[in-house]
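Input: a single structure, listed below in structure tokens.
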Amino acid sequence: MTNQLNQIQTADKQKPADLVFKQAQVVHVLSKEIETADVAVTDGKIVGIGSYEGREEVEMKGRYLAPGFIDGHVHIESSMVSPVRFGGVLLRHGVTSVITDPHEIANVGGIEGVQYMLDDAARTPLNTYFMLPSCVPATPFENSGAVLTAADLLPLYENNQVIGLAEVMDYPSVAASSPDMMQKIKDAATAGGNIDGHGAGFTPHQVNVYTAAGVQTDHECTTASEALDRIRRGMYVMIREGSAAKDLEALLPAVTEANARRFLFCTDDKHLDALLADGSIDDSIRLAVSYGMDPLTALQLATVNAAECFGLQEKGVVAPGYDADLVILDDLESLQVQAVYTNGVKRAEHGELTEAEAPPVDVPERLTHSVQTTPLSEDALAVAAGSGAVRCIDYEPNSIVTGHAAVHLPEKDGQLLADPAQDIMKMTVMERHQQKGSIGLGFIRGLTFDTGAFALTVAHDSHNLVAAGYEDNDIRIAADRIRELQGGLVLVKNGQITAEMPLPLAGLMSMKPAEEAAAELTAVEEAFRELGFSGDFNPLSALSFMCLPVIPSLKLTDMGYFDAEAGEHVSVHL
């Protein structure tokens, strides 16, 4: 009550504000207007817009003052750094709040992994809200490192960082009213939380089923038509622009003045080097404006829309009573972030943090010893030749949706070979959590390599060890090195390791500062050119999503090929 009285008295000009932004170009995202005025802040809250005096004053000199940006759906693990490091990167780009789903680490380390993320995130001034993983394992079609039931998740709703249930990707369980899935949805609703969806390739009928179950959002739309199906059925649509999936340009035609308030931006999965170089939601705003969206509409999507979607009633608006999460901008097109505040405290200026990052929390030993594989035998990767065509994943650049091809491959000693002439590499997924020894084998076309192999322990969503290459020996060397590193990225050419990046935190994240981790990642990505890579996409992101069986049409898990449209495992041979 003391703070509220103080804020009322400050709003009434009975006492000076803690902080005043003088003569700012205030971005009003609710009315899509610009107003020149002072903005007063006390106790971390905006208390007035008009003419105010403050103990500290920032002369805006015609610059814009906008709400801090909000990422509606992101997996922090995909940045390859811990929540504390992630927070430091995003704050520099004007992102002051994120809604994150820790299902990547949950699939490796279960509740212990989720708790680590909660604890580490609490140390960063980035407002980090958690949606609890709804599908661990993501499906029964692969081996994961953990199983999380509704009973496992329920106690976590007591944590005020938790605001709902993350992407419900197990549609069959929803449609069949599976007891555990229904309990997860009920618990989230009882806790007053949101329920996120994952409607990749859904028909309007399937959207009906999802919304009837209480699912409120979707970030998997790839066409304007899909987006409109969801809007018409009451959902919010997140426009995704990440490292692997880039849907912004395709979805913008669906956004109109009539429906714009039901859209928001998200990154979902974006690598550290791209975050540092291009930004996060700020990059989405710039792209949207470059494609013709009105800057104020783009800012609306990036702020108040996301806040309202997730019930963040004190976020996303420059107005009295809202948190002073603010961004100073020179203009609304190039969107160069000059300074960033959360709760009225300056966190970044001119692309640099204004205070040192907090030290990360201690990492549980289980999360640093998560690669439980054994050395591969010489014939472990052999695929026996058949009498005809074989199935092959057809990779589509910058998409996580794949084609399903029938190809003919060369043979030697009764075994099928990868074929550089057709741009077809052998692909393998190896179980790495519980020493089950399961290995899925198949082929993938379209990764645009001339030679070599690469392997990584970022393999959505169960995060087994995935590799692709032309020679079995190169794949074996890469996989064995990853076991020694206890997770990471490894490139091999002609039997020699050419680049690597250790990811010892659950096989997903570096334990180094962001700039050091980014330098390692950049070195790996530059080394892809030594393997003749010629694509206009990120091959690490590309391969990591080729293991996701809930996305159409053909994927590979440690249990073999999975046909998402048929809903079953299928043989390599047709």
- Item | Flag for Asp331 being surrounded by fewer than 16 Cβ atoms within 10 Å (Cβ to Cβ) and at negative phi | yes
- Message: If I filter segment 47-54 for residues that are of a type in the set (D, E, K, R), in contact with a Pro (Cβ under 8 Å, 6 or more places away or on another chain) and farther than 27 Å from Met511 by Cβ, do I get at least one hit?
- Response: yes
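In this structure, does Val407 turn out to be closer than 14 Å to Ile444 by Cβ and surrounded by fewer than 17 Cβ atoms within 10 Å (Cβ to Cβ)?
Numbers: closer than 14 Å to Ile444 by Cβ: yes; surrounded by fewer than 17 Cβ atoms within 10 Å (Cβ to Cβ): yes.
The answer is yes for Val407.
Table: residues versus (1) in contact with an Asp or Glu (Cβ under 6 Å, 6 or more places away or on another chain); (2) basic (Lys, Arg).
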| site | (1), (2) |
| --- | --- |
| Lys184 | no, yes |
| Gly199 | yes, no |
| Phe202 | no, no |
| Asn208 | no, no |
| Val215 | no, no |
| Arg240 | yes, yes |
| Asp247 | no, no |
| Thr256 | no, no |
| Ala260 | no, no |
- Residues that are within 22 Å of Ala459 (Cα to Cα): which helices (runs of 4 or more DSSP H) entirely in segment 70-155 hold 3 or more of them? 83-92, 103-121
- Message: Condition first: assigned to a loop (DSSP other than H, G, I, E, B) and in contact (Cβ under 8 Å) with a residue 12 or more places away in the chain. Now tell me which residues in segment 362-377 satisfy that.
- Response: Val363, Pro364, His369, Ser370, Val371, Gln372, Thr373, Thr374, Pro375, Leu376
- Which of the residues belonging to segment 535-561 are within 20 Å of Cys135 (Cβ to Cβ), in a helix (DSSP H, G or I) and not aromatic (Phe, Trp, Tyr)? Ser544, Met546, Cys547
- Message: For segment 147-159, check the following and say yes or no: at least one residue is over 30 Å from Ala324 (Cβ atoms) and buried (at least 21 other Cβ atoms within 10 Å of the Cβ).
- Response: yes
- Item | Single match in Ala517, Ala479, Ala523 (criterion: in contact with a Lys or Arg (Cβ under 8 Å, 6 or more places away or on another chain) and at pLDDT 95 or above) | Ala517
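Quick grid of which residues meet (1) over 29 Å from Val371 (Cβ atoms); (2) of a type in the set (D, E, K, R):
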| residue | (1), (2) |
| --- | --- |
| Phe130 | no, no |
| Ser134 | no, no |
| Glu142 | no, yes |
| Leu153 | no, no |
| Asp170 | no, yes |
| Gln183 | yes, no |
| Ala191 | yes, no |
- Considering segment 266-296 alone, what residues qualify as being closer than 30 Å to Ala188 by Cβ, in contact with a Lys or Arg (Cβ under 8 Å, 6 or more places away or on another chain) and not in a loop (DSSP other than H, G, I, E, B)? Cys266, Asp268
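Could you say whether any residue in segment 323-340 is in a loop (DSSP other than H, G, I, E, B), out of contact with any Lys or Arg (no Cβ under 8 Å at 6 or more places or on another chain) and among the small types (Gly, Ala, Ser)?
Looking only at segment 323-340, we keep the residues that are in a loop (DSSP other than H, G, I, E, B), and these are 324-325, 330-336.
Among the residues that remain, those that are also out of contact with any Lys or Arg (no Cβ under 8 Å at 6 or more places or on another chain) are: 331-332, 336.
Subsequent filtering for residues that are among the small types (Gly, Ala, Ser) retains none.
Taking every residue of segment 323-340 in turn, none turns out to be in a loop (DSSP other than H, G, I, E, B), out of contact with any Lys or Arg (no Cβ under 8 Å at 6 or more places or on another chain) and among the small types (Gly, Ala, Ser).
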- Item | Those residues of segment 1-41 which are free of Cβ contacts under 8 Å to residues at least 40 places away in the same chain and touching a helix residue (DSSP H, G or I) at 6+ places or on another chain (Cβ under 6 Å), in sequence order | Lys15, Ala17
- Query: Tally time: how many residues in segment 401-442 are closer than 25 Å to Thr373 by Cβ and in a loop (DSSP other than H, G, I, E, B)?
  - Reply: 10
- Take segment 2-21 and flag every residue that is within 14 Å of Val318 (Cα to Cα) and either surrounded by fewer than 18 Cβ atoms within 10 Å (Cβ to Cβ) or acidic (Asp, Glu) (or both). none
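Does Ser225 meet the test of being among the hydroxyl-bearing types (Ser, Thr, Tyr) and without any contact (Cβ under 8 Å) to a residue 60 or more places away in the chain? Steps first, answer last, please.
On the way: among the hydroxyl-bearing types (Ser, Thr, Tyr): yes; without any contact (Cβ under 8 Å) to a residue 60 or more places away in the chain: yes.
Judged against the criteria, Ser225 is a match.
The values are calculated or read from the model by the stated rules, or taken from the named source; none is laboratory data. Worth saying up front: this structure is predicted, and the values here are computed from it rather than measured. A quick note on method: Cβ atoms are made from the backbone with ideal geometry, for glycine too, and the neighbour counts reach across all protein chains shown.
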